[in-house]
1. Along the stretch 273-280, what does the Karplus equation 6.51 cos²θ - 1.76 cosθ + 1.60 (θ = phi - 60°) give for ³J(HN,Hα), rounded to whole Hz, x for Gly and Pro?
2. Between helix 47-96 and the chain, what is the angle of the helix's C-alpha long axis to the longest principal axis, kept within 0 to 90° and rounded to the nearest 10?
3. Would you calculate the convex hull of the Cα atoms in the chain and tell me its volume per residue in Å³?
4. Using the Karplus curve 6.51 cos²θ - 1.76 cosθ + 1.60 with θ = phi - 60°, work out ³J(HN,Hα) for each residue of the stretch 377-392 in order, rounded to whole Hz, and write x for Gly and Pro.
5. What is the helix-to-structure angle for 217-251, meaning the angle in degrees between its Cα long axis and the longest Cα principal axis of the chain, kept from 0 to 90 and rounded to the nearest 10?
6. Considering only DSSP beta bridges whose two residues both sit in the chain, what percent are antiparallel, to the nearest 5?
7. My understanding is that a pair violates if its Cα-Cα distance is over 24 Å; which of 445/468; 380/468; 456/513; 200/456 do that in this structure?
8. Can you give the net charge of the other residues whose Cβ lies under 12 Å from the Cβ of residue 87, counting K and R as +1 and D and E as -1?
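A short reminder: the numbers here are calculations on the coordinates, not readings from a lab. Note that this is a predicted model, so its numbers are computed, not measured. Cβ sites come from the backbone with ideal geometry, for glycine too, and all protein chains shown count toward neighbours.
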Amino acid sequence: MKASGSLLRGSWPVVACAIGAGLVSGLCSAAVIGLVHDAMSSAPGASGTRERLTASFVGLALLAVLSKGVSEVLLTRLGQSIVGEVRRRLGRNIVEAPLRQIEALGTHRLLAALNDDALVITQAYVQMPHICVCAATIVGCLLYLAWIARSAFLVVLAAIALGVGLFRLHEVRAVRFFERARETSDALFGHFRSLTAGVKELQINRGRGEAFLTDSFGRSLSTYERDFVAGMTGYSFGMGWGSLLFYVALGATVFVLPGAAGLSASAVAGATLTLLYLMGPVAQLVEIAPSAGRAAVAFRKLDDLGLALASPDEAHAPSLPTSTFASSWQRIEVCGVTHSYVREYEETSFRLGPIALGFRPGEIVFLVGGNGSGKTTLAKVLLGLYTPEAGELRVDGVPVDASNRAQYRQLFSAVFADYHVFDEQLGLGNALVRERVAGYLQRLKLDRRVSIEDGKLRFDGLSTGQRKRLALVAALLEDRSFFLFDEWAADQDPEFRRVFYREFLPELRAQGKTALVISHDEQYFGVADRCLHMDFGVLSEVAVPPAPAPGPVIRVMN
Ligand SMILES: Nc1ncnc2c1ncn2[C@@H]1O[C@H](COP(=O)(O)OP(=O)(O)OP(=O)(O)O)[C@@H](O)[C@H]1O
């Protein structure tokens, strides 16, 4: 597995030390058995030998315990750093993946990957100290067995070969169940989201709540439980065969080999002791197998999602190369661009374009049109979030392609309809930036609700409208050359609509910034320099409507 190796890259010294310590521990344990056997067979009166054996026993036992401890501590620390690394890489892959791929996967699948897969992969890595110690102990014991009783060694070897074959048969089936359980965990994470996001709806409609808990949520839970148990049961059967064969080897050593192969009483005692001691590490190794099986499923799942955990140097560089696009651009063009959503299980699909459109610095352009007409889709294409199927975007004549699309996106700030406000805002450590933020917060009447502490925005318990005003502050703070506002004013009081349309937009124009404003606020269309209309994916330019006449004055009679 390429990714599994790359996850350990950079940690090899720790891994090597831990494996070394594990091997020392395992070999010491095996040597202890030899020593015990020697002590049991040595003459009781040989005092010098006995003292030597006692000293060696104490030394070996201490070394075995100490080295095992060192190996476990090192690899437990490594395990924790691996879970962080898996999540870091997944996070980077998500940020750098094409938006369409992320949208098609859905939040629930991403959460399942970040939670389940990252933990399962780590659990498998954390088992490594046990694997090293067990493997070393087993190898040491087998070598000792081969030395004292070759026939018993051959019997055990045959039992191991047969046991591994039978175990693999069961494992293949078990992994299939784990794969099914992993598919169900995607659905489960979707239900977790519904449960937390829809708790109000579930509480006010008891019937819906019960149906959710028993049908969709409950069914997924049962399916997951059934497949997981079936997977573990498969492993248990595999382990059962292993144990049975082990007893067969032990029985053969004790009851058959003395007669059939002429094994001496001392050799039988030594072989029996060794085999009984072997049972522990073999059982531990077999118990670890399900973790390894689940980790293999998790790696495959991440690959299928297009989130393969390749190391960053194999995939993307973390920082953007020097930009080819200046923030002082003179013309951004959308040339014959199209974009389609192909929907599974639906015959119809939505097609945007071909779109031909240009923007200049300092322009305020309004985009209007009915629900579902394609306004947000056009915005995502314009911002370089969707790759055009046909046509291209150009900045001052330079085409935007895969090599520079990430840089192109840095020209824009946006408040989408489904915006998100991060509490960490870049640059809040700077006094001038903090002053600008304070000014915006005051104008949008957020200064009593939002504070800046330790370079972070603190804003617990904002209303929907307040939160969206904060998203506007965050966008303005980015100070990019092109702004997108997707129905920003839709849920704002008239007072803040006025501030937005009559103050902020003209200010942006005066600063030479461009803004594409998706809006249904007809009374403010007059603010625009140009007005575009979208109708089922077809874009046309319309005359900027004059500002509507003020409505009749309503007098309130006392
Ligand atoms: N991620 C998506 N996957 C599939 N279809 C989509 C996706 N996003 C939008 N669509 C479809 O594309 C069409 C245009 O959607 P879009 O969001 O661009 O419209 P809009 O004009 O912004 O609508 P609204 O005014 O309601 O926000 C709609 O029919 C919508 O169902």
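1. Going residue by residue, I get 4, 5, 5, 5, 5, 5, 4, x Hz, with x marking Gly and Pro.
2. 20
3. Values: hull volume 133.3 nm³, N = 558.
Looking at the chain, the number lands at 239 Å³ per residue.
4. Along the stretch 377-392, the couplings run 4, 4, 4, 5, 5, 4, 7, x, 7, 10, 7, x, 6, 9, x, 7 Hz.
5. The answer is roughly 20 degrees.
6. Details: 24 of 42 bridges.
About 55 percent, rounded to the nearest 5.
7. Working: 445/468 12 Å; 380/468 19 Å; 456/513 26 Å; 200/456 30 Å.
Checking Cα-Cα distances, 456/513; 200/456 exceed 24 Å.
8. Values: positive: 88, 89, 92; negative: 85, 116, 117.
Net charge in that neighbourhood comes out at 0.
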